[in-house]
Amino acid sequence: MKIGIFDSGIGGLSLLQCAMERLPNEDFIYYADEKHVPYGEKSRREIEGFVAEIIAFLLEKKAEAVVIACNTATSTATKAFRGRFPVPVVGMEPAVKRALDLYGESGKRILAAATEVTVKGEKMHRLIEEVDRERLTDLLPLPRLVRLAEAGLFDSREAEDYLRAELAPYDMGGYSSFVLGCTHFNFFKKTLRGLLPPDVRLVDGNEGTVNELCRKAARAAPREKNDGDARSVEFYISGRLACGGSRARFLSYLAWLSEMARIN
């Protein structure tokens, strides 16, 4: 199976990293729409146009399933495209339910961080109404973190200072978990772990999204390949094949994300 995964930029690589680990024999296409990043600063109509164009591109590349590895694009465009394409299309949502399921019984609150568009969006507020009956979830927009990720400033003083300032109004001792409601935020797990109390857990939606991909694509278990077959991973930047240094950059980011995946 060939699986297409896309995001406004490099954030969705965290979903790709998770999917590659779960489905080691599948082929992948990753599309980073760096021409239009960040989606969190675009209008709904613009985002819907980007999503339609990218999914059409991935279908031309023979993708048999597509993952929108962007909470902002999912919250904005999923309803508009439901049932429109001939392959399964899986979106993402902030892992508020997962955080509640894992840590809600502690009675402590949950801090869910995302882009401005996601935080203000109807989909996010509807999700909280559905799953958070005790109203334990607080929302924190972190729009600048996307640009810091795109600049490769994952483990930097600039990122640390920004997060420290944004977290300052919150007494994190009263929280059980911090939800990474944007795939870009996974790049900053090391910094966040250093700023948050040790008992505040980091929760993202990657595993749940890959589970949903497997369910919708009817591939609960990885397929077998013949001896000598190699997994194919192609990277595209706004429609242009990433080669040489661009491809090496994506691979280095995947290596960093592999380390981040062990931090919770």
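Ranking ALA56, VAL119, VAL131 by how far each Cα lies toward the positive end of the dipole of the range 53-159 (charges on Cβ) leaves ALA56 at the top. Bridgeable aspartates and glutamates around LYS108 (alpha carbons under 12 Å apart, same-chain partners fewer than 8 residues away excluded): GLU134, ASP138, ASP171, ASP199. A 1.4 Å probe run over the range 1-143, with the rest of the protein chains in place, finds 42 Å² accessible per residue. Checking every one of the GluC sites (Glu not before Pro) in the range 32-136 against DSSP loop status and a limit of 13 other Cβ atoms within 10 Å picks out GLU134. By the rule of a C-alpha distance below 19 Å, with chain neighbours fewer than 8 residues away ignored, the lysines paired with LYS2 are LYS61, LYS62, LYS216, LYS225. At an R0 of 35 angstrom, the distance between the Cβ atoms of TYR170 and SER238 translates into a FRET efficiency of 0.45. The residue list ALA218, MET172, TYR162 was ranked by how far each Cα lies along the charge dipole of the range 152-220 toward its positive end, using unit charges on Cβ atoms, and ALA218 comes out on top. The trypsin sites (Lys or Arg not before Pro) of the range 25-85 that meet both conditions, a loop assignment by DSSP and at most 16 other Cβ atoms within 10 Å of the site Cβ, are LYS35, LYS61, LYS62, ARG82, ARG84. Roughly speaking, what is the centre-to-centre gap between the range 66-120 and the range 9-54 when only Cα atoms are used, to the nearest Å? Centre-to-centre (Cα) distance: 14 Å.
The values are calculated or read from the model by the stated rules, or taken from the named source; none is laboratory data. Please read these numbers as outputs of a predicted model, since none were measured by experiment. Don't worry about glycine lacking a Cβ; one is built from the backbone with ideal geometry, like all the others, and counts go over all protein chains shown. These accessible areas exclude ligands, DNA and RNA; they are computed on the full protein's heavy atoms, side chains included. Shrake-Rupley method; radii C 1.70, N 1.55, O 1.52, S 1.80 Å.
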